[in-house]
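Student: Sending over a structure as structure tokens; questions will come in a sec.
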Amino acid sequence: MHDLSWLNSLPPTEAVKELLQCCGSTRWAKQIAEARPYSTPEALFASANEIWWSLDRNDWLEAFRSHPKIGEKKAAEPVSTQAHQWSGQEQSGVATASEETVDSLATLNRAYEEKFGFIFIICATGKTSGEMLSALRERLEHDAVNELPIAAAEQSKITVLRLKKLLTSG
């Protein structure tokens, strides 16, 4: 069973590899690994958020590329088997979606990516396909200046959920 002491004791390169499953930003993973040891999971989560918000646009975009588009299976960048499985679990609300909803998600995902230059990121855990589609429609109305921090906040939520999974898997 993985836990915080396991994460704290990993060699740096192994820790980065494990952390990249939670967030696809290389700088984020390296900084989290360098800041070890963590005294509590809450300290890890706080550090995860603090470091995330200290990064720049390119780091955020790198992280976004480690996710498949909502309703799709494959991310733009190669990811671990574990990260792929987590994405599938997180997007389980799409599995029961109607063909019309899946088609709408695909069409609006393309429009979103064309408008903003990155994929639609949402913390999909616990959301239905309809809720995701509604959020996608709403966020398409934003301008790029306002949308990037919203997407980054969604990535931050995903990261903390995945860190919790990392500490309870194995």
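The values are calculated or read from the model by the stated rules, or taken from the named source; none is laboratory data. Being a predicted model, the structure only gives us computed values, none of them experimental. Positions of Cβ are generated from backbone atoms using ideal geometry, with glycine treated the same way; all protein chains shown enter the neighbour counts.
Student: Which residues, counting only those in segment 94-105, are surrounded by 14 or more Cβ atoms within 10 Å (Cβ to Cβ) and under 20 Å from the mean Cα position of the chain (by Cα)?
Tutor: Matches in segment 94-105: Val94, Leu105.
Student: Hey, does segment 125-138 have a residue that's in a helix (DSSP H, G or I), surrounded by fewer than 17 Cβ atoms within 10 Å (Cβ to Cβ) and hydrophobic (A, V, I, L, M, F, W, C)?
Tutor: Scanning segment 125-138 turns up no residue that is in a helix (DSSP H, G or I), surrounded by fewer than 17 Cβ atoms within 10 Å (Cβ to Cβ) and hydrophobic (A, V, I, L, M, F, W, C).
Student: Can you pull out every residue in segment 148-170 that is in a helix (DSSP H, G or I) and more than 17 Å from Ala124 (Cβ to Cβ)?
Tutor: Leu148, Pro149, Leu166, Leu167, Thr168
Student: Considering segment 1-38 alone, what residues qualify as being among the β-branched types (Val, Ile, Thr) and within 14 Å of Ser66 (Cα to Cα)?
Tutor: Of everything in segment 1-38, just one residue is among the β-branched types (Val, Ile, Thr) and within 14 Å of Ser66 (Cα to Cα), namely Thr26.
Student: Here is a follow-up. Can you tell me which residues in segment 24-45 are more than 17 Å from Thr168 (Cβ to Cβ) and under 16 Å from the mean Cα position of the chain (by Cα)?
Tutor: Gly24, Ser25, Thr26, Arg27, Trp28, Ala29, Ile32
Student: Could you check segment 41-60 and list, in sequence order, the residues that are surrounded by fewer than 16 Cβ atoms within 10 Å (Cβ to Cβ) and among the aliphatic types (A, V, I, L, M)?
Tutor: If the condition is that a residue be surrounded by fewer than 16 Cβ atoms within 10 Å (Cβ to Cβ) and among the aliphatic types (A, V, I, L, M), then Ala43, Ala46 are the ones that fit.
Student: Of everything in segment 52-104, what is of a type in the set (Ser, Thr, Tyr), modelled with pLDDT of 65 or more and assigned to a helix (DSSP H, G or I)? Give them in sequence order.
Tutor: The answer is Ser54, Thr81, Thr101, Ser104.
Student: Anything in segment 1-24 that is surrounded by fewer than 20 Cβ atoms within 10 Å (Cβ to Cβ) and either assigned to a loop (DSSP other than H, G, I, E, B) or at positive phi (or both)? List them, or say none.
Tutor: Of everything in segment 1-24, those that are surrounded by fewer than 20 Cβ atoms within 10 Å (Cβ to Cβ) and either assigned to a loop (DSSP other than H, G, I, E, B) or at positive phi (or both) turn out to be Met1, His2, Asp3, Leu10, Pro11.
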